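Novice: After the structure tokens below, expect a handful of questions from me.
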Amino acid sequence: HLAIPEFVANLEKLNVSMIGQSNTLTPADKKIYALRDVTATVENVGLITASITSKKIAEGSEGIVYDVKVGNGSTLPTYDKSKELASKLLKTSRDFGQKAIAILTDMSSPLGYAIGNWVEIKECIEIMNPKIEKSPHSKDLIDVTLYLAGAMLMLAGKCLTIEEGIKLSEEKLSNGECFEKFIALVEMQGGDAELIKLPENYPKAKLSDSITADSGGYVTGLDALTFGLAAVNLGCGRKTVEDKIDYSSSIILHKKIGDNLTAGETICSIDGETKQQVDSTKAMLINGITITNLKPEIKGRIIEVIN
């Protein structure tokens, strides 16, 4: 945990820092969220807007890029509701003198190939390290990240368009500067940089299982909500505040939407600490996978830019 002076010093030296919300930042927000939870207003767009923007205003941010999710992996149930949220986020931010842009991105299926705490970091390390070959299943994650980075650079006045910002971001990714900056950040915040350099040494769960295809065809559905709930069941997230997170548990996608399958091929693998967790997670995931004979149309993750 960083004290405020350390956080400021990090920013002055590296121009980047990893931080989280403390109890002293918008303390009323936590109480209001608890009330939303028991009054069936978790999906109320106005209250979501207040919760998100209050923290950004309190932080003193000058410019914000909002990544607003669309699909069943989102907090909101429909495209129209997600667009309404994006519009209200922009209006509120601008009313308080902040520059802002909102990007609607598809979250109907998982991004990248990794689902879990450490494995998602491992996937990001692979993407940042130019010496490591990227998984083709990371492409959608890379595309969304570069688009958001491009929008941030445009908002900061470093370029005129998002496309120019994407090109600048791609250069930093391919020449290794992005990875070097991440290593410096981890070291400055007391992390183990050697583990970042050797991600294959990440902690492994005790048990492993997989889901294989009963017949050939194409993957046409990987339900984001089902995969998210299954990950929580596996220990990747909390069901209650008291639950401990298992950082080694994971779900790895071996196939993504649009991929061809033959009978017996692995669709995803599951790593967990107990047989009960792995077995119940497997049962949940089976219901979230759709395979058909027709190859689906592959759409990009960027749905709309609201500016």
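Novice: Can you quote the Å³ per residue value for the convex hull of the Cα atoms in segment 109-202, rounded to an integer?
Specialist: Details: hull volume 10.3 nm³, N = 94.
In segment 109-202, the Cα hull volume divided by residue count equals 110 Å³.
Novice: Right, next: Give the percent of DSSP beta bridges with both residues in the chain that are antiparallel, rounded to the nearest 5. Intermediate values should be presented prior to the final figure.
Specialist: Working: 22 of 30 bridges.
In the chain, DSSP labels about 75 percent of beta bridges as antiparallel.
Novice: Something else: Mind giving me the FRET efficiency for Lys197 and Glu6? R0 is 22 Å, r the Cβ-Cβ distance, nearest 0.05 is fine.
Specialist: 0.40
Novice: Next up: If you count, for each residue, the other Cβ atoms within 10 Å and average over each peptide, how do 243-252, 290-299, 256-265 line up from highest to lowest?
Specialist: The peptides rank, most packed first, as 243-252, 256-265, 290-299.
Novice: Rounded to the nearest 500, what is the chain's calculated 222 nm mean residue ellipticity when only DSSP H runs of at least 4 contribute -39500 (n - 2.57) each, over all residues?
Specialist: The per-residue figure over the chain is -14000 deg cm²/dmol.
Novice: Now for a different question. Just to verify a number: FRET efficiency for Glu43 and Lys239, C-beta to C-beta distance, R0 = 25 Å, to 0.05? All intermediate terms of the calculation are to be shown ahead of the outcome.
Specialist: Details: r = 20 Å, r/R0 = 0.79.
Efficiency computed from Cβ-Cβ geometry: 0.80.
Novice: With everything on Cα atoms, drop me the angle between helix 162-174 and the longest principal axis of the chain, reported from 0 to 90° to the nearest 10.
Specialist: Roughly 60 degrees, rounded to the nearest 10.
Novice: Just to confirm my numbers, what's the Cα centroid distance between segment 141-159 and segment 94-128 in Å?
Specialist: For segment 141-159 versus segment 94-128, the Cα centre distance is 12 Å.
Novice: Follow-up question, since we're still on this one. Just list whichever of Lys181/Lys244; Lys122/Lys282; Lys204/Lys275; Lys88/Lys139; Lys134/Lys172; Lys206/Lys255 have alpha carbons separated by over 21 Å in the model shown. Mind dumping the intermediate values first?
Specialist: Working: Lys181/Lys244 31 Å; Lys122/Lys282 23 Å; Lys204/Lys275 15 Å; Lys88/Lys139 30 Å; Lys134/Lys172 16 Å; Lys206/Lys255 23 Å.
Over 21 Å Cα-Cα: Lys181/Lys244; Lys122/Lys282; Lys88/Lys139; Lys206/Lys255.
Novice: Moving to a separate point now. If I take the Cα coordinates of segment 130-254 and project them onto the principal axes, what are the three extents in Å, biggest first?
Specialist: Here the spans come out as 48, 42, 33 Å, largest first.
Novice: With unit charges on the beta carbon (Lys/Arg positive, Asp/Glu negative), name the residue among Val68, Gly46, Phe7 whose Cα is farthest towards the positive pole of the charge dipole of segment 1-105.
Specialist: Positive-end residue among those listed: Gly46.
Novice: Could you compute how fast segment 205-292 diffuses translationally, taking Rh as the Kirkwood radius over C-alpha pairs and applying Stokes-Einstein at 25 °C with viscosity 0.890 mPa s? Give it in µm² per second.
Specialist: Result for D is 186 µm²/s.
Novice: Please list the non-local residues whose amide H lies under 5 Å from the amide H of Tyr66, H modeled 1.01 Å from N, same-chain partners needing a gap of 5 or more.
Specialist: Ile101, Ala102, Ile103
Novice: Report the calculated FRET efficiency for Asp67 and Leu14 (r = Cβ-Cβ distance, R0 = 25 Å), to the nearest 0.05.
Specialist: Here the calculated transfer efficiency is 0.65.
Novice: Run the numbers for Lys158 and Ile32: contour at 0.36 nm per residue of separation, minus the present Cα-Cα distance, in nm.
Specialist: 41.6 nm
Novice: Over all directions, how big on average is the projection of the convex hull of the alpha-carbon atoms in the chain, in square nanometres? Mind dumping the intermediate values first?
Specialist: On the way: hull surface 68.3 nm².
Taking a quarter of the hull surface, the average projection is 17.1 nm².
Novice: Grab the Cα-Cα distance for Ala58 and Asp209, subtract it from 0.36 nm times how many residues apart they are, and report the gain in nm with one decimal.
Specialist: 49.8 nm
Novice: Let me ask something else about it. Given +1 on the Cβ of Lys and Arg, -1 on the Cβ of Asp and Glu, and no further charges, what dipole in debye does segment 109-202 carry about its Cα centre, rounded to the nearest 20?
Specialist: Value, rounded to 20: 120 debye.
Novice: Moving on. Could you give the size of the charge dipole of the chain about its Cα centre, using +1 on the Cβ of each K and R and -1 on the Cβ of each D and E, expressed in debye and rounded to the nearest 20?
Specialist: Value, rounded to 20: 580 debye.
Novice: Treat each spin label as a single point 7 Å out from the Cα along the C-beta direction, and report the Glu170 to Val232 distance in nm.
Specialist: 3.8
Every number in this text was worked out from the coordinates using simple rules, so none of it is lab data. Computed from a prediction, not measured in an experiment: that's the story for all the values here. Backbone-built Cβ (ideal geometry, glycine too); neighbour counts: all protein chains shown.
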